[in-house]
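Enquirer: Okay, handing you the structure first.
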Amino acid sequence: MKRTRFDYTAEMIEVLEAAWTAGMRSAGKDQKIVEVALQLQLQPEKVKEWIGNRNAKESRRQGGQTVKKSKILTKGPNSYSLFARSVERGSMDGKTYLQHVATEWRKKSTAAKETYAKQAEEIRADPFKGQDREGVIAFNLKAIPSN
């Protein structure tokens, strides 16, 4: 079966572009796609097809490189994880404990949070800080090639 080309009107393209710019960039955004499809009186599949074509157009414009949000990766703890280690768990289950930690974190002042941030920075600067001697030796021995 031969597929025929669907012509989008200028008004349709304007609505689709606005939705795409607002974050409707994947076919997984079903609720938003259905809303836009109803607004334009189109089938959701046509909106998904338009999204795919628009993403391809953007990819070509950028030389085939996809735009991904960069993640900040750190090796070592952050301020929140250091704080969480200091909170007593007691007999709380996992979910309750995590909620308790989050509540206690929100109660902390900015200065207290900065203290944890500085501690985390120091630990990340020295990857062996806080490790026992044997662990550091074992780590370094692994780096030495054996014959």
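The values are calculated or read from the model by the stated rules, or taken from the named source; none is laboratory data. Nothing here was measured: the structure is a model prediction, and the numbers come from that model. Glycine gets a Cβ as well: all are built from the backbone with ideal geometry, and neighbour counts include every protein chain shown. Each accessible area value is taken on the protein alone, full model and side chains, heavy atoms only, with ligands, DNA and RNA left out. Shrake-Rupley method; radii C 1.70, N 1.55, O 1.52, S 1.80 Å.
Enquirer: What are the pairs with Cβ atoms under 8 angstrom where one residue, in segment 31-44, is within 16 Å of Tyr8 (Cα to Cα) and the other, located anywhere, is open to solvent by 90 Å² or more (accessible area, probe 1.4 Å)? Sequence gap at least six, or different chains.
Expert: Sorted first by the residue in segment 31-44, then by its partner, the pairs are Ala37/Gln43.
Enquirer: Which count do you get for residues in segment 112-125 that are open to solvent by less than 70 Å² (accessible area, probe 1.4 Å) and either farther than 18 Å from Val87 by Cα or not in a helix (DSSP H, G or I) (or both)?
Expert: 1
Enquirer: List pairs: first in segment 118-147 and at positive phi, second assigned to a helix (DSSP H, G or I) and surrounded by 12 or more Cβ atoms within 10 Å (Cβ to Cβ), Cβ under 9 Å, 6+ apart or cross-chain?
Expert: Partner pairs satisfying both residue conditions: Gly130/Ile123.
Enquirer: Follow-up. Going through segment 39-52 one residue at a time, which ones are within 14 Å of Ala19 (Cβ to Cβ) and open to solvent by 90 Å² or more (accessible area, probe 1.4 Å)?
Expert: Hit for segment 39-52 is Gln39, nothing else.
Enquirer: Mind listing whichever residues of segment 98-111 are assigned to a helix (DSSP H, G or I) and over 23 Å from the mean Cα position of the chain (by Cα)? Please lay out each step first, then the result.
Expert: Filtering segment 98-111 for residues assigned to a helix (DSSP H, G or I) gives 98-107, 110-111.
Listed by number, the residues that qualify are His100, Glu104, Lys107, Thr110, Ala111.
Enquirer: Can I ask one more? Name the residue that is farthest from the chain's Cα centre (by Cα), counting only residues in segment 118-142 that are of a type in the set (Asp, Glu) and at pLDDT 85 or above.
Expert: Start the filter on segment 118-142 by keeping residues that are of a type in the set (Asp, Glu), which leaves 121-122, 126, 132, 134.
If we keep only those that are at pLDDT 85 or above as well, we get 121-122, 134.
Details: Glu121: 22, Glu122: 25, Glu134: 36 Å.
Only one residue tops the list, namely Glu134.
Enquirer: Go through segment 2-18 and count every residue that is of a type outside the set (Lys, Arg), at pLDDT below 85 and either open to solvent by 100 Å² or more (accessible area, probe 1.4 Å) or touching a Pro at 6+ places or on another chain (Cβ under 9 Å) (or both).
Expert: Residues flagged as of a type outside the set (Lys, Arg), at pLDDT below 85 and either open to solvent by 100 Å² or more (accessible area, probe 1.4 Å) or touching a Pro at 6+ places or on another chain (Cβ under 9 Å) (or both) within segment 2-18 amount to 2.
Enquirer: Follow-up question, since we're still on this one. Could you check, for segment 58-75, whether at least one of its residues is modelled with pLDDT of 90 or more and loosely packed, with under 13 Cβ neighbours inside 10 Å? Break it down into steps so the answer makes sense when it comes.
Expert: Of the residues in segment 58-75, the ones modelled with pLDDT of 90 or more are none.
Within segment 58-75, none of the residues are modelled with pLDDT of 90 or more and loosely packed, with under 13 Cβ neighbours inside 10 Å.
Enquirer: Looking only at segment 25-41, which residues are at pLDDT below 85 and assigned to a loop (DSSP other than H, G, I, E, B)?
Expert: Matches in segment 25-41: Arg25, Ser26, Ala27, Gly28, Lys29.
Enquirer: Separate question: When the residues of segment 19-38 are narrowed to those that are surrounded by 15 or more Cβ atoms within 10 Å (Cβ to Cβ) and within 17 Å of the chain's Cα centre (by Cα), which ends up nearest to Glu58 (Cα to Cα)?
Expert: Per the stated criteria, the residue is Arg25.
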